[in-house]
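The structure appears right after this line, and notes come after that.
We did not get these values from a lab; they are worked out from the coordinates using the rules stated. All values reported here derive from a predicted model rather than from experimental measurement. Cβ coordinates were reconstructed from backbone atoms using ideal geometry, including for glycine residues, and neighbour counts include every protein chain displayed.
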Amino acid sequence: MSPAHDDSAAVHPRALLLENIHVGAEELLREAGWDVVRLAHALDEEAIATYADSVELLGIRSQSQLSADVLGRFPRLVAVGAFCIGTNQIDLVDATTRGIAVFNAPFSNTRSVVELAIAEIIALTRRLTDKNAAMHAGIWDKSAIGSHEVRGRRLGIVGYGNIGTQLSVVAESLGMAVAFYDSADRLALGNARRCDSLEELLESVDVVSLHVDGRP
C-alpha cells in the first residue's frame, strides 16, 4: 500500500522527514501522536507526490527544493520545517499564500561551520595538507617554506551574517586582521573593517571565506 493511501493517516497526523533528519525529531513527533516517515535522502517532484496527499508536516534540509508546484501537491500541508540555516530552497511567497508555516534553525550549526572554517584556514596557511600528503608518500619534509602562522594574516569574509560575524570574532582572537563585505548594512564587530565593494575586499586580504547562500 502506498504512503498516500495508508489508513493510519486518517487517524494520526503524518510527518515526512527527508534528508536524514536526526532520529530525535522522529521520536518526539511519535511521542506526540504523529505517524512519521523518515528517509535518508531528498525526493524529486514525482517521488514526493506519492506522499503528498497524507502529509501535514514536511521536514527537509538544504537539498530538497520546494517550488510552488511541489507545495501545490500537498493539500493537507500546514508546516515545513527546514532543519538547516537557510530557507532559499523553499518558495516562501507561495507557502505564505497557501497558509503553510515555514520555520528554520538559523543558529543550528553556526559554531560548527566557524570551527571548520578556522581549521581549514590554519591547514592551508600552514600547508598541512601538502605535508600530510608528503608524509603518506614516505617523504619527511621539515621545511617551513611557504608555511605561516595565521596571526597577522588578513582574512576577508564575504557574507557577514550569523556565521560570518562569529568567524570574525574567532579569527580576530587568533590575531588575524578581519575585513568583510556584505550587500546588507551590517554592524562591524570588534576591529573588523567593512569594505564598500567585493573588489576592495579581494585586493586587501590574504584569505577569503565565503558565507553566502547564492542569492543575488
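Listed values, structure above:
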read-out: Dipole magnitude (debye, nearest 20) for the chain, charges at Cβ of Lys, Arg, Asp, Glu; value: 840
read-out: Equivalent-ellipsoid semi-axes of the chain, from the Cα gyration tensor, Å, largest first; value: 44, 22, 14
read-out: Selection of GluC sites (Glu not before Pro), the stretch 174-216, meeting DSSP coil and at most 12 other Cβ within 10 Å; value: E203
read-out: Estimated distance in nm for a label pair at T97 and A49, the labels positioned 7 Å out from Cα along Cα-to-Cβ; value: 2.0
read-out: Positive dipole terminus of the chain, leading residue within T129, I21, I85 (C-beta point charges); value: T129
read-out: FRET efficiency for A68 and R154, using Cβ-Cβ distance with R0 set to 41 Å, rounded to 0.05; value: 0.40
read-out: Per-residue [θ]222 nm for the chain (sum of -39500 (n - 2.57) over DSSP H runs n ≥ 4, rounded to 500); value: -9000 deg cm²/dmol
read-out: Trypsin sites (Lys or Arg not before Pro) restricted to DSSP loop in the stretch 129-164 with at most 12 other C-beta within 10 Å; value: K142, R151
read-out: Other-chain or far-sequence residues with amide H under 5 Å of L17's (modelled H); value: V37, R38, L39, G59
read-out: Cα lying deepest toward the dipole's positive end in the chain, options L198, H211, G138, charges on Cβ; value: G138
read-out: Unit charges on C-beta of K, R, D, E only; dipole of the stretch 171-216, Debye; value: 160
read-out: Debye intensity ratio in log₁₀ form over the Cα atoms of the stretch 3-104, taken at each q of 0.11, 0.15 Å⁻¹; value: -0.28, -0.54
read-out: Estimated Rh, the stretch 123-208: Kirkwood, alpha-carbon pairs, angstrom; value: 14.2
read-out: Estimated vicinal HN-Hα couplings, Hz - the stretch 148-165 in sequence order (Karplus 6.51, -1.76, 1.60; Gly, Pro = x); value: 9, 6, 7, 4, x, 7, 9, 9, x, 10, 9, x, 9, x, 4, 6, x, 5
read-out: Inter-label distance, nm, simple model (7 Å from Cα along the C-beta direction), D130/A184; value: 3.8
read-out: Extension gain from N104 to A119, taking 0.36 nm per residue of separation minus the Cα-Cα distance; value: 2.8 nm
read-out: Longest DSSP-loop-exposure-free segment, chymotrypsin sites (Phe, Trp or Tyr not before Pro), the chain, at most 14 other Cβ within 10 Å; value: 1-106
read-out: Amide H contacts under 5 Å for V208, placed H, 5+ residues apart; value: G156
